[in-house]
Amino acid sequence: MKTSRFLLFSIIIAQFLCTSLWFAGNSVIDDLIVVFNLNKNSLTNLTSAVQFGFIVGTLLFALLNIADRFSPSKVFCISAILGSLFNLGISHSGNTFFSLLILRFFTGVFLAGIYPVGMKIAADHFDQKLGKSLGYLVGALVLGTAFPHLLSIFTASFPWRSVIYSTSTLAILGGFIILFYVPDGPYRKKSTTMQLSAVVNVFKNNKFRSVAFGYFGHMWELYTFWAFVPVILKLYTESHQSDVNISLWSFIIIAIGGLACILGGYLSLRRAEKKIATLALSISGLCCVLSPMAFQLNEITFLLFLLIWGSTVIMDSPLFSTLVAKNANPQIKGTALTIVNCIGYSLTILSIQTISLLSNYTSHQYLFIFLAIGPILGLLALHKKFTNQSSS
């Protein structure tokens, strides 16, 4: 019999390995631009392609109740294998910009069977202390997201395709870890029929709806910040004649959020999840507001500012997922997690495209202040929950 620690460790490792697919294209974007003759907006478009694919995937998974009707472990493994194959397609020398978009899109589709399904697997195994467990799990997602930036540091010595080969291989390994070492959990309640109405009915719960809207505000900021971390660093180095290692610091700034997720999970054992989530969302929102001044700071203070932002921008994510899982009907828990992810990631495309569009009209110094829209609206949604509870 596998211990709970072994199961959690297996899920964490698998999530880390598989989510390295997410930003694999971003980490080698400079090489892709040169090799395939792409324009400078390729980063935005290729990132949005992954997000759009993830949205379509989560919508299909939610409508078909896949994570609730079928074995989550098998769904995870199959998704990891298919996602890795589409990621591997980037290395083909005959790619065009359109084919790269298609490949990144389908990578995103199958990431829908990895990230939310991984949370569903954890929720099925860890009914108690779910916040701590999801803290580790989302921390693994963060490290997986940051990992390609670390690999890209070595592309000066190794071909850029090695990053793609490595992430695809790791994703397949992660899928098999779940398949062979993580059975379906004891708290799983299988849904025997397809319930198309579940996607709508889940939002009729006031507590669920308010937490979900808090999560949506968080998502407006998160992936746009992650996608533009290398851009932020590059803008700073160009304006300050700095020699900051962009790939290394992109990895550090994103990866530190993994530690913040774990810390948030432990703090949730002492304080309510919503209080910790509110604090983290408030600090990251403040970083958005203060971002124009950050570009005027000296190098050490600037990097420290980004480390604080990178920590708080993701710390609330596992706490919101915990609240979503706790406030959803157990029979459609997987669908609830998936549809919330679907809507949240839809907002990331809108956010990324908005920032990209505004970059044509706004000085880079003031560009990222627009990310504060998400945290502000998210905090209002959470405050409304507090108000409703206190008045009832």
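Taking Gly118, is it farther than 20 Å from Phe36 by Cα and either assigned to a loop (DSSP other than H, G, I, E, B) or touching a His at 6+ places or on another chain (Cβ under 8 Å) (or both)?
So Gly118 fails the test.
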Members of the range 79-117 found to be of a type in the set (Val, Ile, Thr), touching a Phe, Trp or Tyr at 6+ places or on another chain (Cβ under 9 Å) and more than 16 Å from Thr19 (Cβ to Cβ), listed by number: Thr96, Ile102
Taking the conditions exactly as written (assigned to a helix (DSSP H, G or I) and touching a Pro at 6+ places or on another chain (Cβ under 9 Å)), does Gly139 satisfy them or not? yes
Condition first: surrounded by fewer than 24 Cβ atoms within 10 Å (Cβ to Cβ) and among the small types (Gly, Ala, Ser). Now tell me which residues in the range 60-72 satisfy that. Ser71
For Gly89, which of the numbered conditions (1) over 30 Å from Lys189 (Cβ atoms); (2) touching a residue at least 24 places away in the same chain (Cβ under 8 Å) fails to hold? (2)
Residues within the range 284-335 that are under 21 Å from Ile114 (Cβ atoms) and aromatic (Phe, Trp, Tyr), tallied: 1
For residues in the range 344-368 being touching a helix residue (DSSP H, G or I) at 6+ places or on another chain (Cβ under 6 Å) and among the β-branched types (Val, Ile, Thr), which is modelled with the highest pLDDT? Ile355
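Each row is one residue, and each column tells you yes or no for (1) closer than 28 Å to Tyr187 by Cα; (2) at pLDDT 90 or above; (3) under 17 Å from the mean Cα position of the chain (by Cα).
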residue	(1), (2), (3)
Val75	yes, yes, no
Phe110	yes, yes, yes
Lys129	yes, no, no
Leu141	yes, no, yes
Pro148	no, no, yes
Ala156	no, no, no
With (1) crowded, with 17+ Cβ neighbours inside 10 Å; (2) modelled with pLDDT of 85 or more as the list, and Val35 as the residue in question, which single condition is left unmet? (1)
Considering residues of the range 71-115 that are of a type in the set (A, V, I, L, M) and not in a helix (DSSP H, G or I) only, the residue farthest from Phe6 (Cα to Cα): Ala112
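The values are calculated or read from the model by the stated rules, or taken from the named source; none is laboratory data. This is a predicted model, so every value here is computed, not measured. Positions of Cβ are backbone-derived with ideal geometry, glycine not excepted, and every protein chain shown enters the neighbour counts.
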